[in-house]
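J.: What follows is a structure written as structure tokens; I'll ask about it next.
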Amino acid sequence: REPPEAALRATIASMQEAAEEHDTDALFEPIAEDFAGSEGMDRTAFRRYVTLVGMRHKALGVSVGPLDMKLYGDRATVNFTAAVTGGAGGLLPKQGQVYEVDTGWRLEDGDWKLISAKWTAQL
């Protein structure tokens with residue numbers, strides 16, 4: 001069994017990969033039903049937002065900076081920067097933005113679930 005920190009890091013890495021591959025189902029697997037996001041977004045609204053971004057950009061890139069992780073038993077916070085790029089799939093992305101991301105996590109039946117996320121554009 002993976003240590004909690006390693007399991008959480010693996011969950012975040014799998015979400016990053018799913019986002020880049022436009023695999024919304026895999027991306028939302030670790031997102032809790034009671035998720036709360038920026039601007040009052042619930043899980044359904046966040047899924048719509050992610051779907052729209054995916055439809056706008058054939059190619060998506062997500063680069064996650066160092067994870068500032070704090071574990072509190074079956075809860076955790078993870079803060080990081082994320083550079084997100086999108087475009088038609090050419091050599092250079094058409095759009096890009098860097099976000100400061102603050103997340104909250106809960107351990108459920110051995111799996112980490114994302115319960116909150118706040119992202120702020122930095123550029």
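The values are calculated or read from the model by the stated rules, or taken from the named source; none is laboratory data. On a predicted model such as this, the values are computed, not experimentally measured, just so you know. Every residue, glycine as well, gets a Cβ built from its backbone with ideal geometry; the counts of neighbours run over all protein chains shown. For the accessible areas, the whole protein counts, side chains as well, though only heavy atoms, and no ligand, DNA or RNA atoms are used. Shrake-Rupley method; radii C 1.70, N 1.55, O 1.52, S 1.80 Å.
J.: At 1.4 Å probe size, with the rest of the protein present, what percent of the exposed accessible area of the chain is carbon and sulfur atoms?
T.: After summing per-atom areas, the C and S share lands at 52 percent.
J.: Where the only charges are on Cβ atoms (+1 Lys, Arg; -1 Asp, Glu), what is the dipole of the chain about its Cα centre, to the nearest 20 debye?
T.: 440
J.: Here's something else I'd like to know. Any idea how many Lys pairs in the chain come in under 26 angstrom at the alpha carbon, given 8 or more places apart or on separate chains?
T.: 5
J.: So if each residue of separation counts as 0.36 nm, and I subtract the Cα-Cα distance between Asp74 and Arg48, what length gain in nm does that give? Please report the intermediate quantities before stating the final value.
T.: On the way: separation 26, 0.36 × 26 = 9.36 nm, distance 2.87 nm.
Full extension of this stretch gives 6.5 nm more.
J.: Rounded to the nearest whole Å², what accessible area per residue is found for the chain with the 1.4 Å probe? Walk me through the intermediate numbers first.
T.: On the way: 7510 Å² over 123 residues.
Roughly 61 Å² per residue, with all protein chains present.
J.: Does the range 1-66 come out rounded, prolate or oblate, given a ≥ b ≥ c as the square roots of the eigenvalues of its C-alpha gyration tensor, rounded meaning a/c under 1.5 and, failing that, prolate meaning a/b above b/c?
T.: oblate
J.: Right, next: Pick out, from Ala36, Gly96, Ala13, the residue whose Cα sits farthest towards the positive end of the charge dipole of the chain, with +1 on the Cβ of Lys and Arg and -1 on the Cβ of Asp and Glu.
T.: Projecting each Cα onto the dipole axis, the largest value belongs to Gly96.
J.: Please check which bits of the range 2-27 a label hung off Val62 would reach, taking the label as a point 7 Å along Cα-to-C-beta and the cut-off as backbone N under 12 Å.
T.: From the range 2-27, the list is 11-27.
J.: Magnitude of the Cβ-charge dipole of the range 31-75, K/R +1 and D/E -1, about the Cα centre, nearest 20 debye?
T.: Dipole about the Cα centre, nearest 20: 300 debye.
J.: Roughly how many debye, to the nearest 20, is the charge dipole of the range 55-123 about its Cα centre, given +1 on each Lys and Arg Cβ, -1 on each Asp and Glu Cβ, and no other charges?
T.: 360
J.: Tell me, what is the 1.4 Å probe accessible area of Phe46, in Å² to the nearest 10?
T.: 30
J.: Between Thr120 and Glu21, what is the FRET efficiency for a Förster distance of 30 Å, r being their Cβ-Cβ separation, to the nearest 0.05?
T.: Efficiency computed from Cβ-Cβ geometry: 0.75.
J.: Using label points projected 7 Å from each Cα along Cα→Cβ, tell me how many nm separate Glu39 and Glu5, to one decimal.
T.: Taking the two extended label points, one gets 3.5 nm.
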